[in-house]
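The values are calculated or read from the model by the stated rules, or taken from the named source; none is laboratory data. From a predicted model like this one, the values you see are computed outputs, not experimental measurements. For neighbour counting, all protein chains shown are included, and Cβ atoms are generated from backbone atoms with ideal geometry for every residue, glycine included.
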Amino acid sequence: MISEAAHGHPGGSLSCVDILTTLYFDKMNVKPDNPKWEDRDRIVLSKGHAAPALYATLAKKGYFSEKILSTLDKLGSILQGHPDMKSTPGLDMTTGSLGQGLSAANGMALAGKLDKKGYRVYVILGDGELQEGQIWEAAMTAAHYKLDNLTAILDFNGLQIDGPNREVKNIEPVNEKFKAFGWHVIEIDGHDFDQIDKAIEEAKATKGKPTLIIAHTIKGKGVSFMENQVGWHGSAPNEEQRQKAIQELEGSGV
Amino acid sequence: MAMATREAYGKALVELGAKNKNVVVLDADLSKSTKTADFQKVYPDRFFNMGISEQDMMVTAAGLATCGKIPFASTFAIFATGRAYEQVRNSIGYPHLNVKIAATHAGITVGEDGATHQSIEDISLMRGIPGMVVINPADAEETRQAIFAAAEHYGPVYIRLGRMAVPDIHDQNYKFELGKGEVIREGKDVAIIATGIMVAIAIEAADKLKEEGIEATVVNIHTIKPIDKDLIVEVAKKTGKVITAEEHNIIGGLGSAVAEVLSEEYPVKIKRIGIKDQFGQSGSPKELLKYYGLTAEGIVKNSKAILKIS
């Protein structure tokens, strides 16, 4: 998909795809034939540059044909470079400008509380975007309003465009920071399906406060030459690289 | 009677809240100044104080809107449109969400707080966002009706409100229509097109001009976007000379919008009255209006200049 578009963010897409898979195929209460069903669980991809991972998941789930995936980023496509809720069926929020998704998810969670609805709201955060001030404004809001119907999942692959987080601007200690902001925090291996499953259940059972799942992930997961490589943040593979990547991903059963 | 449009906003919100259960209100620690505290008193469950975090407030409002709520997000105009510009643009404007941004303390009549708090660019910023409706009511009754109209309209709306009390121009018989200007006076010599607090001042100017035998048309453009092109062209045809008056930078606001319409449709001589591309300063609202030429005298002087009468 990304290689066809010759543009996109393969590294950060691959690091969160296991999380998206668990959410859409196991945890979330959604109806692909009725994407705007008002009782559905919602998801905000705050790290909007991982859109290809979300699009692939939505297609697999049946929101639209997998054939459409090859139109990513192309003029007139329903799959915009960053998620556009007006274009793509199944998208709950428009994102792409970093740091804004948690606030949007809070709004959805507040609406759920107000309407006494049982739906849950998930938000996928990138590590680099924790450098945005708005994330911390929103972290304060979620705790203040006791949004226990909200689960944030941090795709912590440790790398951002200019290099490792710790070199660009250190975001650690994330766990202690969120705890200090009044959140319940769980740390897991973000590629271990069992751990992802358990963490989401623990978040559901946590009352009176929002939960952050810190998912330790590998940027470019599943593709040997992309794993932990900063260079694969925002570049598309060529044909040879694409074939090798697909071979490796299919071989690993992803 | 005189009342600040922010006062009228607070009262209108309470009235609207009773009629529409989907209306929710957000504020960023200025609820006593923006008057959203009026709503909070009656509907505490539907009021969210976001603290001093305008960016978070705007996107939280967006999230609420995706769930069918009609959020009114309020703070001072400088913060609503300046601090949170990109949030408004990307999380409200681009997804065309049903968020109403009701910003108070617009313009220089904020007064004593000075330039940091005096928004003179907000119309320009909001007007540039595709699909954003921009309303600048002139008095209490127009504000009340504009708030109801904004709630009726699906999509993002920016409503510009003021701190200072302004005279009543309209009574309950007035019918506010989104996107339609209002002719308040008819006169053949010059058209004064005004918005917000400048409408009352334009009427005062028209009275003064009349004493000198000059007949001015006065038009109230409460909806700056989408603008009432037909009416603007009509008054330009009738008078051949147009003055615009706004409490905003002359770049990007009403004057620019009118110039855009007329230069394309019916070019006539235009003079723009507003803040002349400079920052404000501390002072009383009245002193500031005088200092920056936003007075009846200022409009009279410019009208004579455009008519080449000394």
When you check residue B:186 against the structure, is it within 23 Å of residue B:123 (Cα to Cα), free of Cβ contacts under 8 Å to residues at least 40 places away in the same chain and of a type outside the set (A, V, I, L, M, F, W, C), yes or no? no
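From the list B:154, B:174, B:158, which residue is touching a residue at least 12 places away in the same chain (Cβ under 8 Å), in the same structural domain as residue B:20 (by TED's automatic domain parsing) and surrounded by fewer than 16 Cβ atoms within 10 Å (Cβ to Cβ)?
Matching residue, one of B:154, B:174, B:158: B:154.
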Output yes when any residue across the range B:92-107 is part of a helix (DSSP H, G or I), within 13 Å of chain A (Cβ to nearest Cβ) and within 23 Å of the chain's Cα centre (by Cα), and no when none is. yes
Return the total of residues in the range B:36-58 being within 8 Å of chain A (Cβ to nearest Cβ) and either more than 21 Å from residue B:82 (Cα to Cα) or more than 22 Å from the chain's Cα centre (by Cα) (or both). 7
Index of the failed condition, residue B:25 passing every other in (1) among the β-branched types (Val, Ile, Thr); (2) in a helix (DSSP H, G or I); (3) within 13 Å of chain A (Cβ to nearest Cβ): (2)
Elements of type helices (runs of 4 or more DSSP H) contained in the range A:1-101, each with 2 or more residues being more than 14 Å from every other protein chain (Cβ to nearest Cβ) and buried (at least 24 other Cβ atoms within 10 Å of the Cβ): A:10-22, A:51-61
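Suppose we filter B:80, B:61, B:138 for residues that are part of a helix (DSSP H, G or I), within 20 Å of the chain's Cα centre (by Cα) and surrounded by 24 or more Cβ atoms within 10 Å (Cβ to Cβ); which single one remains? So that I can check it myself, show each step before the final result.
Values: B:61 fails: within 20 Å of the chain's Cα centre (by Cα); B:138 fails: part of a helix (DSSP H, G or I).
Every option except B:80 fails the conditions.
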What do you reckon, is residue B:73 touching a residue at least 12 places away in the same chain (Cβ under 8 Å), within 11 Å of chain A (Cβ to nearest Cβ) and in contact with a Lys or Arg (Cβ under 8 Å, 6 or more places away or on another chain)? yes
If we only count helices (runs of 4 or more DSSP H) wholly inside the range A:152-254, which ones have 3 or more residues that are closer than 23 Å to residue A:5 by Cβ? A:239-251
Filtering strands (runs of 3 or more DSSP E) wholly in the range B:156-245 for at least 2 residues that are touching a Leu at 6+ places or on another chain (Cβ under 9 Å) and not aromatic (Phe, Trp, Tyr) gives B:182-185, B:190-194, B:216-220, B:223-225
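Which one is nearest to residue A:185 (Cα to Cα) among residues in the range A:140-163 that are within 14 Å of chain B (Cβ to nearest Cβ) and touching a residue at least 60 places away in the same chain (Cβ under 8 Å)?
Our first condition is that a residue be within 14 Å of chain B (Cβ to nearest Cβ); within the range A:140-163, this holds for A:140-147, A:149-150, A:152.
Restricting the remaining residues to those that are touching a residue at least 60 places away in the same chain (Cβ under 8 Å) gives A:142-143, A:146-147, A:150, A:152.
Working: A:142: 13, A:143: 12, A:146: 14, A:147: 14, A:150: 12, A:152: 10 Å.
Filtering first and then ranking leaves A:152.
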(1) under 19 Å from the mean Cα position of the chain (by Cα); (2) away from chain A (no Cβ under 12 Å); (3) not acidic (Asp, Glu): which one isn't true of residue B:85, the others all being true? (2)
Of the numbered conditions (1) touching a Cys at 6+ places or on another chain (Cβ under 9 Å); (2) outside any loop (DSSP other than H, G, I, E, B); (3) within 14 Å of chain B (Cβ to nearest Cβ), residue A:124 satisfies every one except a single condition; which is it? (3)
Got a number for residues in the range A:133-173 being acidic (Asp, Glu) and surrounded by fewer than 19 Cβ atoms within 10 Å (Cβ to Cβ)? 3
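On the basis of being more than 25 Å from residue A:40 (Cα to Cα) and buried (at least 24 other Cβ atoms within 10 Å of the Cβ), does residue B:54 make the cut?
yes
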Can you confirm whether the range B:191-204 contains a residue that is under 24 Å from residue B:70 (Cβ atoms) and at pLDDT 95 or above? yes
